2 protein chains.
Amino acid sequence: MITLRGYFRSSAAYRCRIAFNLKGVPYELVPVHLRRDGGEQKKPAYRALNPQALVPALQIDGAILTQSLAIIEWLDETHPDPPLLPVDRNERARARAFAQAIACDIHPLQNLRVLDYLKTELGQPQAVLDAWCRHWIGEGLSACEALLARAGQPGSFAFGDRPGLADICLVPQLFSADRFGIDLTAMPRLTAVRAACEALPAFAAAHPSRQPDSE
Amino acid sequence: MITLRGYFRSSAAYRCRIAFNLKGVPYELVPVHLRRDGGEQKKPAYRALNPQALVPALQIDGAILTQSLAIIEWLDETHPDPPLLPVDRNERARARAFAQAIACDIHPLQNLRVLDYLKTELGQPQAVLDAWCRHWIGEGLSACEALLARAGQPGSFAFGDRPGLADICLVPQLFSADRFGIDLTAMPRLTAVRAACEALPAFAAAHPSRQPDSE
């Protein structure tokens with residue numbers, strides 16, 4: 001049995017849920033509450049699973065895997081159908097780069113632990129935290145829109161006619177963008193990809209509002 | 001011909017240099033000065049190559065690839081020997097997760113653009129910027145040390161007896177850790193891996209101090 005530890009609103013856990021749904025691979029969800037009791041992810045029991053004290057953590061027979069993109073590549077290698085990356089090598093690199101533009105250069109900057117540091121250690125008010133998030137998400141998504149324009153977008157999804165790693169990263173990041181009130185009108189390619197994704201049951205069932213720990 | 005645009009001190013460009021050296025694949029280096037004239041990476045000429053305005057950007061026949069980890073996976077797929085990832089799927093996932101723990105959760109937080117924002121937009125003094133970097137690098141590397149302890153480290157390198165993606169990310173991050181004065185004495189596994197790497201010409205030749213744009 002595969003156990004996925006995550007949090008309903010975590011982008012990284014949301015990515016994994018979409019990927020498992022697209023593959024049709026069943027998994028058991030175990031919620032880790034990032035706010036309750038100072039953060040369950042910081043307790044020794046969870047750190048034993050993931051020393052980074054971040055979600056998600058995937059438990060498979062005798063092994064623990066961390067980092068959402070590594071988990072999704074593992075899933076794609078162990079369950080190749082349907083593929084989550086293009087076949088062409090340059091296209092694979094572009095799809096991975098798009099995913100990493102989100103997973104490396106947007107999401108970590110607006111993550112809970114960073115906002116907590118800005119608030120607690122640097123004493124910044126909520127308005128500064130909100131502006132911080134809007135800055136990094138807005139700038140990052142604008143670059144993603146340009147990356148899609150350059151790729152030419154031959155299908156309904158980011159890199160072709162079926163959803164893959166890039167789409168899996170985009171949809172949770174746009175969910176987060178909505179929470180922070182980012183204006184997406186100048187990003188028609190991103191919002192069209194999201195519409196194509198959200199029409200699929202694999203994406204719909206992974207939505208934060210439909211998780212057992214949703215608040 | 002392969003052209004790598006980067007900056008001598010950029011961790012992400014440093015990773016690519018190591019990977020190309022390990023593969024024995026020749027490339028032309030084109031420096032992009034991140035500080036000169038407000039930052040060459042922000043100019044339209046460079047944004048046309050990488051809309052993220054970040055280094056590196058790789059130019060190959062008719063294609064432009066971005067994001068260091070995507071570039072390194074592309075290199076590993078197009079030039080499989082020597083491999084940069086373990087063969088075993090769980091091990092591959094652990095090596096990728098280690099690389100991403102650095103590339104997603106440490107490096108982007110101490111990157112130039114984030115420090116510029118803290119200084120210019122939030123008016124924070126240099127001491128706060130230094131503490132910020134020490135916090136995220138120190139916490140992140142401690143988790144990396146724990147990830148290596150758990151993996152058991154069967155060889156001299158992070159995940160085996162030859163260097164790969166994890167080592168390629170670790171060495172530049174430790175270079176940066178030294179710049180910010182991080183105490184590495186509680187991280188004996190990381191420093192042992194670094195010593196094994198730095199004994200190799202591929203790593204030595206990629207060092208920031210040996211680049212044409214080094215200052």
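Here, each number is a calculation from the coordinates, and none is a lab measurement. A quick note: this is a predicted structure, and the numbers were derived from the prediction, not measured. Here the Cβ is made from the backbone with ideal geometry for all residues, glycine too, and neighbour counts use every protein chain on show.
Given R₀ = 30 Å, FRET efficiency for A:D61-B:A149 by Cβ-Cβ distance, to 0.05? That gives a FRET efficiency of 0.90.
How high is the relative contact order of the stretch A:89-202, given as a whole-number percent (alpha carbon pairs under 8 Å, six or more residues apart)?
Values: 98 pairs, mean separation 35.8, N = 114.
Rounded, it is 31 percent for the stretch A:89-202.
Which of rounded, prolate, oblate describes the protein assembly as shown, given a ≥ b ≥ c as roots of the alpha-carbon gyration tensor eigenvalues and a/c under 1.5 marking rounded, otherwise prolate only if a/b is larger than b/c? Since a/c stays below 1.5, the shape of the protein assembly as shown is classed as rounded. For B:A57, the amide hydrogen comes within under 5 Å of the amide hydrogens of B:R5, counting only partners 5 or more places away or on other chains and with H modelled in the peptide plane. What separates the B:D183 label point from its copies, with the point 7 Å along Cα to Cβ, is 4.9 nm, written shortest first. Between the stretch B:83-118 and the stretch B:157-215, the alpha-carbon centres lie 14 Å apart. For the stretch B:99-163, the list of GluC sites (Glu not before Pro) that fall in a loop by DSSP and count at most 13 other C-beta atoms within 10 angstrom reads B:E121. Relative contact order of chain A: what whole-number percent is it, with Cα pairs under 8 angstrom and at least 6 residues apart? Over chain A, the number comes to 25 percent. Largest GNM mean-square fluctuation across B:Q67, B:Q59, B:Q124, computed for chain B with C-alpha springs under 10 Å, falls on B:Q124.
Using a Gaussian network model of chain B in which every pair of alpha carbons under 10 angstrom is joined by a spring, one finds that among B:G140, B:G164, B:G39 the greatest mean-square fluctuation is at B:G39. Placing a label point 7 Å from the Cα of A:E139 along the Cα-to-Cβ direction, the distances to the matching points in the other copies come to 2.1 nm, shortest first. 3J(HN,Hα) along the stretch B:98-112, derived from phi through the Karplus expression 6.51 cos²θ - 1.76 cosθ + 1.60 where θ = phi - 60°, amounts to 4, 4, 6, 4, 7, 6, 9, 10, 10, 4, x, 7, 10, 6, 3 Hz, with x in place of Gly and Pro.
Quick one: work out the % antiparallel among DSSP beta bridges in chain B, nearest 5. Once the DSSP bridges in chain B are tallied, antiparallel ones form about 65 percent. For A:S156, inter-copy separations between label points set 7 Å beyond Cα along the Cβ vector come to 5.4 nm, shortest first.
Distance between the modelled labels on A:E77 and B:V30, one decimal in nanometres: 3.3 nm (7 Å Cα→Cβ projection). Rounded to whole numbers, the Karplus 3J(HN,Hα) couplings from phi for the stretch B:2-18 are 9, 10, 10, 8, x, 9, 3, 9, 5, 4, 5, 5, 4, 4, 5, 4, 4 Hz, using 6.51 cos²θ - 1.76 cosθ + 1.60 with θ = phi - 60°, and x at Gly and Pro.
Under the rule a/c < 1.5 gives rounded, and otherwise a/b versus b/c splits prolate from oblate, where does chain B land using the Cα gyration tensor? Judged from the Cα gyration tensor, chain B comes out oblate (a/c at least 1.5, b/c at or above a/b). Grab the DSSP H runs of chain A that are 4 residues or longer, score each as -39,500 (n - 2.57), total them, divide by all residues and round the 222 nm result to the nearest 500 deg cm²/dmol. One gets -15500 deg cm²/dmol as the mean residue ellipticity at 222 nm. Legend: calculated FRET efficiency, A:K43 to B:D37, from the Cβ-Cβ distance at R0 = 45 Å, rounded to 0.05, equals 0.40.
Note on A:A204/B:D88: beta-carbon distance plugged into 1/(1 + (r/R0)^6) with R0 of 35 Å gives a FRET efficiency of 0.50. The phi-based Karplus calculation (6.51 cos²θ - 1.76 cosθ + 1.60; θ = phi - 60°) puts the 3J(HN,Hα) values of the stretch B:26-38 at x, 8, 9, 8, 10, x, 10, 7, 6, 10, 5, 6, x Hz, whole numbers, x for Gly and Pro.
With the cut-off at 1.5 for a/c, could you classify the stretch A:145-215 from its C-alpha gyration tensor as rounded, prolate or oblate? All intermediate terms of the calculation are to be shown ahead of the outcome.
Numbers: a/c = 2.62, a/b = 1.41, b/c = 1.87.
The shape class here is oblate.
Scanning residues 5 or more positions from A:L29 or on other chains, those with amide H under 5 Å from its amide H are A:L4, with H placed 1.01 Å from N in the peptide plane. Note on chain B: GNM, Cα springs under 10 Å; of B:A202, B:A131, B:A99, the largest mean-square fluctuation is that of B:A131.
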